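In what follows, a structure is listed as structure tokens, so that the remarks can point back to it.
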Amino acid sequence: MSGLRVRNLTVDIAGRRLLDGVTFAVARSEMVALVGPNGAGKTTCLKSILGLIPCKAEQIEVAGRAFGALAPRERARLAAYLPQARTVAWPLSVRSVVALGRHPHQRESDAAEAARAMRSLEAVGLAGFAERDARTLSGGELALTLLARALVVEAPLLLADEPVASLDLAHQVAVMEHLRAIARAGGSVLTVLHDLSLAARFCDRVLLLDRGRIVASGTPAAVLADRAMDAAYGVDLARGEIEGVPVVVVRTGIRPASAA
Amino acid sequence: MSAETAACAPMDTRHVARSREQLAIAILIALAVAAAAASLIVGSGPFAARTWLPTLAATDPDMARVIFWEIRVPRTALALLIGFSLGLTGAALQGFLRNPLAEPGLVGASSGAALGAVLIFYFGLLGASPFILPLGGIAGALLALAILYGLAGDAPSVTTLILAGVALNAAANALTSLALNLAPNPFAVYEILFWLLGSVSDRGIEHVAMAAPFILAGSLAILMSARSLDPLALGEDVAASLGVNLKRLRLTVIGGAGLAVGAGVAVSGMIGFIGLVVPHLVRPMVGHRPSKVLLPSGLLGAALLTFADLAVRLLPGRELKLGVVTALLGAPFFLMLILRRRRDLT
């Protein structure tokens, strides 16, 4: 049984086709990176799977269930979402921010909810921050707090949109390791990434999205070696390998993206 | 009686209250009950400078009965109802728009409601049905809130919210002025102007009856959607991904606020700042989770407005309008809030 199965996902907004027949699957215990240049449709892909923007698809299946037919709360229990924007509107404690992730579940006692939130915070190493005002956290701490918020949903699928954007190296690795731990524990993770070396280092597979279509997919080594990368990003890439991990380095930005 | 209520309530609460929130609610209920009791037995009257009801009951029981049932009860009930609705909608709008400066008055809902009610006066529709006045107010408030949401969108910045509110207030006030300007009868103008200042005095039980169903329905709709406001703190996308039905939430919050504020303003005129001030006073007691702020804000709004109305009665000299007093007290609070949030505004 796969965690996520998407067939022929198409999104049209204001007469523009943002996604065009996207088809892929993420298995259980698998972590897949969705990469591609700005405007390729990565965020649109995550949001349309979640039903946040209107789309057409032959199939969107999460944990073996037709996602679109489910009630909002049922969906919410199956797919957790970690968006790129890290906003907290009120000076809430870190623990109560994390506890918001329990919203789709049957209501528990405040104590039980707090205990779950604490376990989730412990998992990301922020147990000591539980009572801190979330708006006073550093960028990295806030990112981990919001990751804990997504973890506490306990959904079989996690969709993360650039979870490491604007984080320092240590926090990038911390976030990626947590995501991989979710996958290793039987979850399915689909994450948008800009850092191709992180994708190669942590993900089982990579999907390359370009102008609304998946133009390459497979193991990190295979996708990073694919010439479609150069075309999609509009750069000339040099390829190599460090300690068994494939890496790409921009040689030049000679070729402008072909005008579409 | 009021002293008694105030003294014994905290003792009762000790048994029930297990959390800070329950304790706060119990204290606020006690406060509202105390305010209501004081409002029922103390007042100003044309006969005595201070009409203390028990004294009057001893000398002139018939007069005391009339004053109690026809003056004090409606006045107290309206102060409680309207205070509750203003506190509650203020808290709900702040949670919904994720903005601590949202308030029915500032965002234009109150002046929209006033315009709706003035148009009912102006076109002489008052006799058509006892509910026509609150319906006019509700229509005005709903229109203003719908335009606000359309203009500002979800999670507006402080600047956008205030500007949209300024624009809506300006438009509603201009149209209200136009109606006053064109009114054929100067007495009607005087009456409307006085009504606009905001008051719960000289209202009968029929005013309570026409406003209460809408205020209660609107408040109930808001309270029932309370829990959905919490995940909104992380943005609309996260809230939706957590199972919040955003369409329904918009409908209940905007619709509920329109019902409650519209019906309240139609009966009392404009009473500002309660909705802005009260949630800020409540948060130190119950924390910042939007759902936890709602009911305590309603209760504190009810207590505050009833006490303010009591103060209006007891102040020497000509009786001030309630709306004038809340504005006089609320405006400095608003300025203070801006001062405190200045870094966010720049």
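No value in this document is a laboratory result; all are computed from the given coordinates. Keep in mind that what you see is a predicted model, and the values were worked out from it rather than measured. Neighbour counts are summed over all protein chains in view; Cβ atoms, including those assigned to glycine, are modelled from backbone coordinates with ideal geometry.
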Nearest 0.05, what FRET efficiency do A:GLU58 and A:VAL245 give at R0 = 51 Å with Cβ-Cβ as r? 0.90
Just grab the label-to-label distance for B:ARG227 and B:LEU335, each label 7 Å out from Cα along the Cβ direction, in nm (one decimal). 4.4
The lysines whose Cα lies under 22 Å from the Cα of A:LYS56, excluding any fewer than 8 residues away in the same chain, are A:LYS42, A:LYS47, B:LYS247
Extension gain from B:ALA311 to B:ALA209, taking 0.36 nm per residue of separation minus the Cα-Cα distance: 34.2 nm
Which values of log₁₀ I(q)/I(0), to two decimal places, follow from the Debye formula for chain B at q = 0.11 Å⁻¹ with a uniform point scatterer at every Cα? -0.71
Say a site is exposed when it is one of the trypsin sites (Lys or Arg not before Pro), sits in a DSSP loop, and has at most 12 other Cβ atoms within 10 Å; what is then the longest site-free stretch of chain B? B:51-317
Cα coordinate range in the protein assembly as shown, projected on the principal axes (Å, largest first): 100, 58, 43
Could you grab the relative contact order for chain A? Cα pairs under 8 Å, six or more apart, rounded to a whole percent. 24
Between A:ARG7 and A:SER166, the FRET efficiency computed from the C-beta separation at R0 = 30 Å comes out, to the nearest 0.05, as 0.35
For the range A:87-153, the Rg and Dmax computed from alpha carbons only, in angstrom: 10.7, 32
Cβ-based exposure ranking for A:GLU61, A:GLU241, in which fewest neighbours within 10 Å come first: A:GLU241, A:GLU61
Exposure proxy check on A:GLU58, A:GLU162: fewest-to-most Cβ neighbours within 10 Å is A:GLU58, A:GLU162
Pick from A:ALA117, A:ALA69, A:ALA199 the residue whose mean-square fluctuation is largest in a GNM of chain A, springs joining Cα atoms under 10 Å. A:ALA69
For the range B:235-243, 3J(HN,Hα) per residue [Karplus equation, 6.51 cos²θ - 1.76 cosθ + 1.60, θ = phi - 60°, Hz, x = Gly/Pro]: x, 5, 5, 5, 4, 5, 5, 9, x
Looking at the P(r) of the range B:63-145, how many percent of alpha-carbon pairs lie beyond 18 Å? 56
Once phi is turned into θ = phi - 60°, what whole-Hz ³J(HN,Hα) does the Karplus curve with 6.51, -1.76 and 1.60 give for every residue of the range A:144-160, x standing for Gly and Pro? 5, 4, 5, 5, 4, 4, 6, 5, 5, 5, 6, 8, x, 10, 10, 10, 10
Given backbone amide H placed at 1.01 Å from N, residues whose amide H is under 5 Å from that of A:GLY187, ignoring those fewer than 5 places away on the same chain, are A:SER29
